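Undergrad: My questions all concern the structure below.
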Amino acid sequence: MEYNCNVSFDELASELQELIYGVIKDAFDKPVHDAVVKLIEIEKNCGKIERKPVTHTFTDKNGQFVFGPLCANKFYEIQVWANKVKHNKICTT
């Protein structure tokens with residue numbers, strides 16, 4: 001089954017900190033609850049890519065998740081597991 005990961009970025013004006021949030025939906029546009037969403041920091045050094053796990057969360061009954069506050073000017077990857085299937089999306093703040 002196909003899953004959609006709609007990810008957004010926001011800056012909390014009062015704190016000047018970044019966050020990533022989104023909604024996980026299935027191919028029928030229905031929210032996926034209890035999906036595992038993992039935040040991975042991507043570092044690029046001399047052509048080598050290193051992935052560092054930061055944290056993880058679960059989607060709520062509406063398929064929503066949020067990570068923050070995050071460091072600005074970093075690259076992140078979101079990994080989603082829904083029904084034992086892994087999906088990736090590259091993000092930046």
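Undergrad: Taking θ = phi - 60°, what integer Hz values does the Karplus form 6.51 cos²θ - 1.76 cosθ + 1.60 yield along segment 44-50, in sequence order, with x for Gly and Pro?
TA: 10, 10, 6, x, 9, 9, 10
Undergrad: Another question, if that's okay. Farthest toward the dipole's positive end in segment 32-77, which of ILE42, ASN62, VAL32, given Cβ charges of +1 (Lys, Arg) and -1 (Asp, Glu) about the Cα centre?
TA: After comparing all options, I get ILE42.
Undergrad: Given a 1.4 Å probe and the protein chains all in place, what does the accessible area of VAL36 round to, in Å² to the nearest 10?
TA: 40 Å²
Undergrad: Additional query: With every protein chain left in place, what is the accessible area of ASP29 in Å² (1.4 Å probe, nearest 10)?
TA: About 100 Å², ignoring ligands and nucleic acids.
Undergrad: Which ³J(HN,Hα) values in Hz, rounded to whole numbers, follow from the phi angles of segment 75-85 under the Karplus curve 6.51 cos²θ - 1.76 cosθ + 1.60, where θ = phi - 60° and Gly and Pro get x?
TA: So the Karplus estimates, Gly and Pro as x, are 9, 10, 10, 9, 10, 10, 10, 10, 6, 6, 10 Hz.
The values are calculated or read from the model by the stated rules, or taken from the named source; none is laboratory data. Since the model is a prediction, treat every value here as computed from it, not as a measurement. Here the Cβ is made from the backbone with ideal geometry for all residues, glycine too, and neighbour counts use every protein chain on show. Ligands, DNA and RNA are excluded from the accessible area calculation, which covers all protein heavy atoms including side chains. Shrake-Rupley method; radii C 1.70, N 1.55, O 1.52, S 1.80 Å.
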